[in-house]
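Working notes, structure below.
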Amino acid sequence: MGIINTWHRFKAWLKDLHSIWLNKRIPSNNSVQLNINNTFILPTSFGWSCIGIAVCLFVLGTNFQNNVILLLCYFLIAVILLSVFHSYFYFIQHKIEFLPIQADFENRQLYQPIQINSTEDYQGGCLSFQIENKGVISLQQQAKKTIRVPLPSYTRGQYHSPRVSLSCIYGFGLFKCWSHLSPDIDFLVYPKIFKAPMNLVLESEESDLGLSSDSQLAISDNLQGIREYQATDPIHHISWKHLAKGQGLLTKDFSENQGVSGWLRLQDIQHLGLERALQCLCYQIQQLEKDHVKFGLDLGTTKLLPQTGPKHIEECLSQLALYSSSPTKPDSANASKHKAKA
């Protein structure tokens, strides 16, 4: 066991040393033009075989003074040298731009959007992208293309984007070009959504409004009128009577929601455990936004005043992602550690 632990520590030390060297060789940047400073090239297994054959042919042709064998050897060397230059120039014709990573919930797949621009001086090649052995995305030659490379799984918190490895084998398949690029992008991972009953503390009175998880706050007989349907309208507001008459999608406009305002409080559900409580708040925030209810978020040390709209939702989810009950935030420490290793 001691030898195995020593071997694992040695491998971790080599990995850290390699990361430090890569950070100096290829600094973080969101727009990278591939060139000689950030490109590596070595023969493939087939390439090494061809080099070995060329050496054997040269030895045989020299010892037996056979011009035909020497001619074949020189032809093979010319093909190898030609493959080196074509592989390299195909690779460096690409410019890589890393786009911002959209924040999402921890139980969903996150992606790193990448835009590839090419001069198309060399045709017919294929670039491969990979992040921490998560999955290989191959891209055929195009002048401009945007792809999404899957990221590893993360728990809630803030992280720095990991290195992206890209490679290609061009021409005769004798040489492989690759690079390890580091985007300068930070992104958030929200807690996953856990379905739970609504527990909204009304602002106008000190009582709690407890609802089942599928209840709606916007059901009322106080109908203001009928208007055209919008994509953000709740589905239960659709006037099915008008739709059945062939008058299209119309929405019932109620006025009660404008008077509903309250607080979501972490302390009310903290008995479920910190992570589960944050997941429940995630679900409740989504439901209140769906019902167009004005609400605030009370996490004890942080309070967001009652508002509504996409910006308010984003702020609330960001606070849930970064929340820590201790003075020293473990999520921030994890993010710094992840950034250092990237």
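The values are calculated or read from the model by the stated rules, or taken from the named source; none is laboratory data. Since we're looking at a predicted model, the values are computed, not measured. As a convention, Cβ positions derive from the backbone with ideal geometry for all residues, glycine included, and neighbour counts pool all protein chains shown.
State yes or no: is Glu120 modelled with pLDDT under 95 and under 19 Å from Ser161 (Cα atoms)? It is false that Glu120 is modelled with pLDDT under 95 and under 19 Å from Ser161 (Cα atoms). If the condition is being outside any helix (DSSP H, G or I) and either touching a strand residue (DSSP E or B) at 6+ places or on another chain (Cβ under 6 Å) or surrounded by 13 or more Cβ atoms within 10 Å (Cβ to Cβ) (or both), then the range 43-79 contributes Pro43, Thr44, Asn66. Number of residues in the range 142-163 that are of a type in the set (Lys, Arg), modelled with pLDDT of 90 or more and over 10 Å from Glu132 (Cβ atoms): the value is 2. Applying the selection to the range 135-185, what residues are touching a helix residue (DSSP H, G or I) at 6+ places or on another chain (Cβ under 8 Å), over 21 Å from Phe40 (Cβ atoms) and part of a strand (DSSP E or B)? Gly157, Gln158, Tyr159, His160, listed by residue number.
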